[in-house]
Amino acid sequence: MFDLSGKTIWIAGHRGMVGGALVRRLQRDGHRVLTAGRDRVDLVRQAEVEAFVAAERPDVVIVAAARVGGIAANAARPVDFLHDNLLIEANIMRAAADAGVAKLLFLGSSCIYPRDAAQPMTEAALLTGPLEATNQWYAIAKIAGIKLAEAYRQQHGLDFISAMPTNLYGPGDNYDLESSHVIPALLRKAIEARDSGAATMTVWGSGTPLREFMHVDDLADALVFLLQNYSSPEHINVGTGQEVTIAEVARIICDTVGFTGELVFDRSRPDGTPRKLMDSSRLLAMGWRPQIGLREGLADAWRDFSENPTTRLSA
Ligand code: GFB
């Protein structure tokens with residue numbers, strides 16, 4: 001078991017939803033957390049990252065920083081999703097290796113797996129087929145990050161690990177309707193439809209794609225567990241094992257916020273991958289379990305949105 005006590009843990013990307021959840025979780029446990037805004041270190045600039053890590057000398061690094069977004073953001077900004085993510089992960093891993101950190105955790109995404117991978121997707125499905133076109137740029141960058149972490153372990157004997165979370169939601173999400181993921185978008189649309197007395201609410205695509213959703217606090221819990229208990233070259237899936245259709249999650253969101261109108265499916269918008277369920281049995285076999293069900297988690301996300309509407313909308 002890797003002991004986190006007394007260690008300084010740098011959370012790269014602490015202003016994002018995942019980084020924010022990690023800060024809350026690690027500080028609650030009494031750990032020493034290091035964070036730095038873009039004014040202090042711009043993660044796409046190698047010299048800045050190296051200078052920051054050399055000066056601060058963290059013991060543990062979590063790469064939660066990334067250019068992220070939903071299906072439309074991926075299509076609109078392919079360079080940001082490929083180029084910036086390659087630089088962010090390469091810069092942080094090089095600086096961490098040079099500084100001799102004790103452990104590094106890299107975060108990928110379930111979109112690294114082939115579009116037509118057998119479901120549920122095991123870790124072995126990586127690089128067995130073509131990617132889903134709508135998120136290939138992000139997926140290629142994340143696959144490179146997994147391989148880079150594995151390469152540092154192989155060439156330099158460093159304890160670098162990679163975790164692949166499923167689709168996430170929760171406090172600190174991005175609620176911008178064009179760049180966000182589906183849950184924050186539908187939460188906002190349902191609240192606005194309810195408040196304006198609208199008869200309908202628009203859901204992108206056919207409503208039939210299946211997704212596996214995890215509350216970000218469950219992810220933070222799993223990541224702390226993996227830091228303490230996992231040390232292996234192979235990436236590891238982090239999911240709930242529960243999947244719902246987009247139409248079902250839209251209806252649960254409407255129930256949650258009290259919107260009683262009709263759903264209208266806009267088929268001019270892409271569906272993306274038809275199904276994306278991960279096999280998380282390796283993690284479950286280690287004894288970890290998610291704690292937050294979808295209805296409870298959505299109520300928490302709604303509370304967060306209601307309490308922080310202006311900050312969330314500027315994301
Ligand atoms: O969450 P999402 O944008 O990303 O979309 P992916 C999931 C599904 O929800 C798609 C549908 O079938 C969308 O068409 N959807 C319905 C909506 N209404 C909406 C809406 O108002 N907004 C959005 N955004 N979707 C992402 C990748 O894929 O998965 C990322 O793009 C990342 O790079 C993430 O890998 C985990 O699940 O399709």
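Among the listed residues 161, 112, 88, which satisfies the condition of being more than 18 Å from residue 46 (Cβ to Cβ), touching a residue at least 40 places away in the same chain (Cβ under 8 Å), open to solvent by less than 20 Å² (accessible area, probe 1.4 Å) and within 16 Å of the ligand (Cβ to nearest atom)?
On the way: 161 fails: within 16 Å of the ligand (Cβ to nearest atom); 88 fails: more than 18 Å from residue 46 (Cβ to Cβ).
Checking each option against the conditions leaves just 112.
Inside region 272-306, residues that are surrounded by fewer than 17 Cβ atoms within 10 Å (Cβ to Cβ) and part of a loop (DSSP other than H, G, I, E, B) make up a count of 6.
Of the helices (runs of 4 or more DSSP H) contained entirely in region 1-110, those carrying at least 2 residues that are over 18 Å from the mean Cα position of the chain (by Cα) and under 27 Å from residue 151 (Cβ atoms) fall at 46-56, 85-98. Selection of region 172-201 for residues being β-branched (Val, Ile, Thr) and either touching a Phe, Trp or Tyr at 6+ places or on another chain (Cβ under 8 Å) or open to solvent by less than 20 Å² (accessible area, probe 1.4 Å) (or both) yields 182, 183, 191.
Going by the structure shown, is residue 238 touching a residue at least 40 places away in the same chain (Cβ under 8 Å), more than 28 Å from residue 76 (Cα to Cα) and open to solvent by less than 20 Å² (accessible area, probe 1.4 Å)?
Numbers: touching a residue at least 40 places away in the same chain (Cβ under 8 Å): yes; more than 28 Å from residue 76 (Cα to Cα): no; open to solvent by less than 20 Å² (accessible area, probe 1.4 Å): yes.
In short, no.
For region 118-136, the count of residues that are in contact with a Phe, Trp or Tyr (Cβ under 9 Å, 6 or more places away or on another chain), in a helix (DSSP H, G or I) and buried (at least 22 other Cβ atoms within 10 Å of the Cβ) is nonzero.
Determine whether region 173-188 contains at least one residue that is more than 13 Å from the ligand (Cβ to nearest atom) and either touching a residue at least 24 places away in the same chain (Cβ under 8 Å) or aromatic (Phe, Trp, Tyr) (or both). Looking through region 173-188, none of the residues is more than 13 Å from the ligand (Cβ to nearest atom) and either touching a residue at least 24 places away in the same chain (Cβ under 8 Å) or aromatic (Phe, Trp, Tyr) (or both). Looking across region 226-266 at every residue that is assigned to a loop (DSSP other than H, G, I, E, B) and charged (D, E, K, R), the one that is farthest from the chain's Cα centre (by Cα) is identified as 234.
Touching a Pro at 6+ places or on another chain (Cβ under 9 Å) and small (Gly, Ala, Ser): does that describe residue 96?
Details: touching a Pro at 6+ places or on another chain (Cβ under 9 Å): yes; small (Gly, Ala, Ser): yes.
For residue 96, the condition - touching a Pro at 6+ places or on another chain (Cβ under 9 Å) and small (Gly, Ala, Ser) - is met.
Looking at residue 70, is it within 11 Å of the ligand (Cβ to nearest atom) and more than 11 Å from residue 141 (Cβ to Cβ)? Spell out how you get there, then give the answer.
Numbers: within 11 Å of the ligand (Cβ to nearest atom): yes; more than 11 Å from residue 141 (Cβ to Cβ): yes.
Taking the combined requirement at face value, the residue satisfies it.
The values are calculated or read from the model by the stated rules, or taken from the named source; none is laboratory data. All figures in this text were calculated on a predicted structure; none of them were measured in a lab. For neighbour counting, all protein chains shown are included, and Cβ atoms are generated from backbone atoms with ideal geometry for every residue, glycine included. Areas reflect the complete protein model, heavy atoms only, side chains present, ligands, DNA and RNA absent. Shrake-Rupley method; radii C 1.70, N 1.55, O 1.52, S 1.80 Å.
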